[in-house]
Amino acid sequence: MTRVLVTGGAGFIGSHFVHHALEAHPDWQVTVLDKLTYAGNPANLEDLEGQARYRFLKGDIAIRRDVQAAWDGGVDLLFNFAAETHVDRSIGDPEGFIRTDVYGTYTLLEEARSRGLRAFVQISTDEVYGSVPSGVSREDATLLPSNPYSASKAAADRLAYSYHATYGLPVFITRASNNYGPRQYPEKLIPLFITNALDGQPLPLYGDGLNVRDWLYVADHCTALDTVIERGTPGEVYNVGGGNERRNIDITGRILDHLGVPRTFIRYVPDRPGHDRRYALDCGKLRALGWTPRHNFEAAIDDTIRWYAAHRDWWEPIKSGAYLEYYRTQYRL
Ligand code: NAD
Ligand code: TDX
């Protein structure tokens, strides 16, 4: 059995990866370590309860004894998804981002250094390159993160690399573009706008709505991680992009059209400070290893919209209490 530790496995991408891992790798024994912050949701993993190859541990990657407890029995592969992930929250209060994204990654790296493992996969982001007005970022491009979230992720990305260069730890770094799909917390653009449209609420579009992101279906992200650990080289960085550059206004239009909601529901709101205009990745390095994204954007976003329409039981409980306080403070709507 290959012993796999997935941190942040109760979140959006982590939970997809845990399901994928158990299905695609019958010889993997998966432990999830997750603090269950506001973004971590046990419902994302509840169908796995009782499976012999799966266990869940509640714990914090920034607390060494929690990490040690997760390491009991040994770890062969570690996928570090755990992070504070929302740019707007990082602008309001950066501290948690430094603590989890930087210090938490350091804690995992220290445990890995003392105990050893076969692969440490650091899930980084395309945001570390900063805004890309034209062209595409290759893995050797300068890092120019421009918000506290992306700066904390860049710090963790380079800290992980340093443990490879300095201590020979088998670190792999992936920089993915914007993910979308079922179970994404409804503070991010696509699930926020879908659920607001379903609820007859306005869709708060930042600035002129012309910022561009490259959208990656979450299942394609999971297969990319398989390729990286099967065929990648330790110490290397791999971009993971969907190849779907879209303007925010166009995504918004697609959601509204799909749900039959008029454009009058678009509400232009003040821009995000330091808002990166565009991200775009050159993924030739990962494609050369045989990976290719399989999901067509238009079909997969339509599936995603249908998923939220059919799973109010998943997101309605989230959009209450502390979420509403955050929402009102953030948007003043
Ligand atoms: P998410 O916010 O949905 O989930 C994060 C998970 O981490 C939650 O389950 C949360 O409880 C857990 N967590 C937070 N702090 C923790 C701590 N101190 N200890 C243990 N667990 C903790 O995030 P996501 O969108 O699934 O992103 C997962 C990873 O992928 C992150 O590292 C993020 O930076 C990276 N990433 C995300 C995207 C994207 O578009 N969502 C793109 C590129 C990279
Ligand atoms: O209410 C909104 N209105 C709006 O116009 C929100 C929440 C977003 N936006 C815009 C800002 C961005 O241009 O939509 C775009 C996407 O925003 P987010 O969903 O917040 O994602 P982004 O800031 O691009 O960061 C995401 O991709 C990289 C993830 O949240 C990160 O975790 C990941 O690393």
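Every number in this text was worked out from the coordinates using simple rules, so none of it is lab data. Worth saying up front: this structure is predicted, and the values here are computed from it rather than measured. Cβ coordinates were reconstructed from backbone atoms using ideal geometry, including for glycine residues, and neighbour counts include every protein chain displayed.
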Check your understanding: Loop-only check: which chymotrypsin sites (Phe, Trp or Tyr not before Pro) in the range 1-43 are DSSP coil with at most 16 other Cβ within 10 angstrom?
Key -> Tyr38
**Study point:** Ratio Rg/Rh, restricted to the range 1-153 and using Cα atoms, in which Rh is the Kirkwood radius
**Key:** 0.99
Review point. Can you tell which of Tyr149, Pro186, Ser114 lies farthest toward the positive end of the dipole of the chain, using +1 and -1 charges on the Cβ of basic and acidic side chains (Lys, Arg; Asp, Glu)?
Key: Tyr149
Point to revise | Under 5 Å, built H, 5+ apart or other chain: amide partners of Ala176 | key: Ser124, Thr125, Asp126, Val240
Study note, to complete from the structure: Taking the alpha-carbon centre of each part, the distance from the range 192-253 to the range 291-333 in Å is 13 Å
Check your understanding: Using 15 Å as the cut-off for backbone N distance, which residues of the range 304-329 belong to the label zone defined by a point 7 Å from the Cα of Asp93 along Cα→Cβ?
Key -> 322-329
**Study point:** Inter-label distance for Thr142 and Leu210, nm, one decimal - labels placed 7 Å from Cα along Cα-to-Cβ
**Key:** 2.5 nm
Review point. Quick one: Karplus J couplings for the range 294-302, per residue in order, coefficients 6.51, -1.76, 1.60, θ = phi - 60°, nearest Hz, x for Gly and Pro?
Key: 9, 9, 6, 4, 4, 5, 6, 6, 4
Exercise for review: Counting only trypsin sites (Lys or Arg not before Pro) that are in a DSSP loop and have at most 10 other C-beta atoms within 10 Å, tell me the longest site-free stretch of the chain.
Suggested key: 1-293
Practice item. Return the long-range amide H neighbours of Thr2 (sequence gap of 5 or more, or a different chain), with a cut-off of under 5 Å between placed amide H atoms. Key: Trp28, Gln29
Check your understanding: Taking Cα centroids, how far is the range 10-24 from the range 116-171 in Å?
Key -> 22 Å
Review point. Setting aside same-chain residues fewer than 8 positions from Lys285, which lysines have a Cα under 22 Å from its Cα?
Key: Lys153
Practice item. At a Cα cut-off below 19 Å, give the lysines reachable from Lys319, other chains included and same-chain residues fewer than 8 away excluded. Key: Lys188
Study note, to complete from the structure: Along the range 97-109, Karplus-curve 3J(HN,Hα) (6.51, -1.76, 1.60; θ = phi - 60°) to the nearest Hz, with x for Gly and Pro, reads 6, 5, 5, 7, 5, 9, 5, x, 5, 4, 4, 5, 5
